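Working notes, structure below.
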Ligand code: ZN
Ligand code: MN
């Protein structure tokens, strides 16, 4: 028995994202680690961890963390604070990371996925570390440190262990990134490391209430596809160990996209002791209810809300709506198109289906009237009066003498251009074939 079907996945995720505030979390240094002209240029005593450097919390970063919490339906702690998480590593010059321990800004939210809700346990705000570069200088193996990233505001979003399939993990990650981008608080670029994924994975027997006695963390995954693959890989690995009577080792693993396998990084020591305590340099943060109201009022319409509005207003099926609201820019473009379609009595759902299924070629920014013309051309049905058709053809020919000459010189492909133009001129659901016939006749 080494079938993953004998077990159910118990998986939670921890996702880090760098906020795109102008300055860093606790100092005035520029927050732009990916475009810095050289290593260690955006630094100061505070983010270099020099003695005497005094941190001051970035208010925008706090506001944005709370905005994300509000967008995910979290409860917001009106009293909150920053804590020191102590550990030694060369990329952390102070010997501790400023983070939040027992009172994070946001708790108890939810992200809906097609496979069920994923509850959000907490969202807290912390600072990013410096970046290590293992390389060779003058024939010697060395590790270089770049502190441009040190002190960049970092949000950490932690879920409850609600994820039950690898594909749900992927969907959750994508939806979270979509919401973060709608809020315009982070670029969440995965390749550059602006957003980093971690999955906590264990398997429980499928038919028992028993909870797993172990947990494997797969860290620093930089794509949603890889997170899906890493969980799938781990499920098989755990199922084999469990069915042989063993228990997978409690450890931290990495993901190698080249081999498609996870690998052991370090065994988990007994609950790491970070000796958390409140940071004495930073006063606790007290939020006013009015401030919360203001942040709430600033929230944009969110992806799920758009899908349901399109459903109510235009009867667009959610499965199409979800593919047309990838970005705020795309959603507002689609809004214009649906509005134009409604005015002309075209079914927004058919149009949505045509766009999603690439039955018509469009891209974000195309003018609504052009999109409708393309749609008419592809799905024409309405009978157009012959004289109206002739008038439209004449008009199009008059406006495009070059194209007429081209056709007469033997370029048959121009006919497609004429069909689009004529249908647009008519402005209704003209039959593309009828238009073609009329055009061919007119061009003789
Ligand atoms: Zn600094
Ligand atoms: Mn963290």
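The values are calculated or read from the model by the stated rules, or taken from the named source; none is laboratory data. What you see is a predicted model, and the numbers here were worked out from it, not measured in a lab. Methodologically, a virtual Cβ is constructed for each residue, glycine included, from the backbone with ideal geometry; neighbour enumeration extends over all protein chains shown.
Is one or more of the residues making up the stretch 53-70 surrounded by fewer than 19 Cβ atoms within 10 Å (Cβ to Cβ), at pLDDT below 95, out of contact with any strand residue (DSSP E or B) (no Cβ under 6 Å at 6 or more places or on another chain) and not in a strand (DSSP E or B)? Yes; the residues of the stretch 53-70 include at least one that is surrounded by fewer than 19 Cβ atoms within 10 Å (Cβ to Cβ), at pLDDT below 95, out of contact with any strand residue (DSSP E or B) (no Cβ under 6 Å at 6 or more places or on another chain) and not in a strand (DSSP E or B). How about the stretch 41-74: which of its residues are within 12 Å of residue 124 (Cβ to Cβ) and away from ligand 1 (no atom under 16 Å from the Cβ)? Passing the criteria: 62, 65, 66, 68, 69, 74.
Residues in the stretch 328-346 that are surrounded by 14 or more Cβ atoms within 10 Å (Cβ to Cβ) and assigned to a loop (DSSP other than H, G, I, E, B): 344, 346.
Residue-wise test of (1) closer than 28 Å to residue 355 by Cβ; (2) modelled with pLDDT under 90; (3) surrounded by fewer than 19 Cβ atoms within 10 Å (Cβ to Cβ); (4) not assigned by TED's automatic domain parsing to the domain that holds residue 343.
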| position | (1), (2), (3), (4) |
| --- | --- |
| 394 | no, no, yes, yes |
| 404 | no, no, yes, yes |
| 419 | yes, yes, no, yes |
| 430 | yes, yes, no, yes |
| 438 | yes, no, no, yes |
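Going by what's in this entry, would residue 41 be described as more than 16 Å from ligand 2 (Cβ to nearest atom) and surrounded by fewer than 17 Cβ atoms within 10 Å (Cβ to Cβ)? Judged against the criteria, residue 41 is a match.
Any residue at all in the stretch 46-68 that is in contact with a helix residue (DSSP H, G or I) (Cβ under 9 Å, 6 or more places away or on another chain), closer than 30 Å to residue 108 by Cα and within 16 Å of ligand 2 (Cβ to nearest atom)? Among the residues of the stretch 46-68, at least one is in contact with a helix residue (DSSP H, G or I) (Cβ under 9 Å, 6 or more places away or on another chain), closer than 30 Å to residue 108 by Cα and within 16 Å of ligand 2 (Cβ to nearest atom), which makes the answer yes. Taken over the stretch 276-303, the criterion of being part of a helix (DSSP H, G or I) and surrounded by 15 or more Cβ atoms within 10 Å (Cβ to Cβ) is satisfied by 291, 292, 295, 303. Residues in the stretch 2-35 that are surrounded by 21 or more Cβ atoms within 10 Å (Cβ to Cβ) and within 16 Å of ligand 1 (Cβ to nearest atom): 9 in all. So, residue 77, is that one away from ligand 1 (no atom under 16 Å from the Cβ) and in the same structural domain as residue 283 (by TED's automatic domain parsing) or not? Considered against the rule, which asks whether it is away from ligand 1 (no atom under 16 Å from the Cβ) and in the same structural domain as residue 283 (by TED's automatic domain parsing), residue 77 comes out as yes. Within the stretch 10-36, take every residue that is over 22 Å from the mean Cα position of the chain (by Cα) and part of a loop (DSSP other than H, G, I, E, B) and give me the one that is nearest to ligand 2 (Cβ to nearest atom). Filtering the stretch 10-36 for residues that are over 22 Å from the mean Cα position of the chain (by Cα) and part of a loop (DSSP other than H, G, I, E, B), the one nearest to ligand 2 (Cβ to nearest atom) comes out as 25.
For the stretch 97-116, the count of residues that are within 16 Å of ligand 1 (Cβ to nearest atom) and surrounded by 18 or more Cβ atoms within 10 Å (Cβ to Cβ) is at least one.
Checking each residue in the stretch 259-275 for being farther than 18 Å from residue 235 by Cβ and either at pLDDT 95 or above or part of a strand (DSSP E or B) (or both) picks out 265, 266, 267. Taking residues in the stretch 131-157 that are farther than 30 Å from residue 179 by Cα, and partners anywhere that are within 16 Å of ligand 1 (Cβ to nearest atom) and assigned to a helix (DSSP H, G or I), not one pair has Cβ atoms closer than 9 Å while being at least 6 places apart or on different chains. Taken over the stretch 96-130, the criterion of being in contact (Cβ under 8 Å) with a residue 40 or more places away in the chain and away from ligand 2 (no atom under 16 Å from the Cβ) is satisfied by 109, 111, 112, 113, 114, 115, 116, 117, 118, 119.
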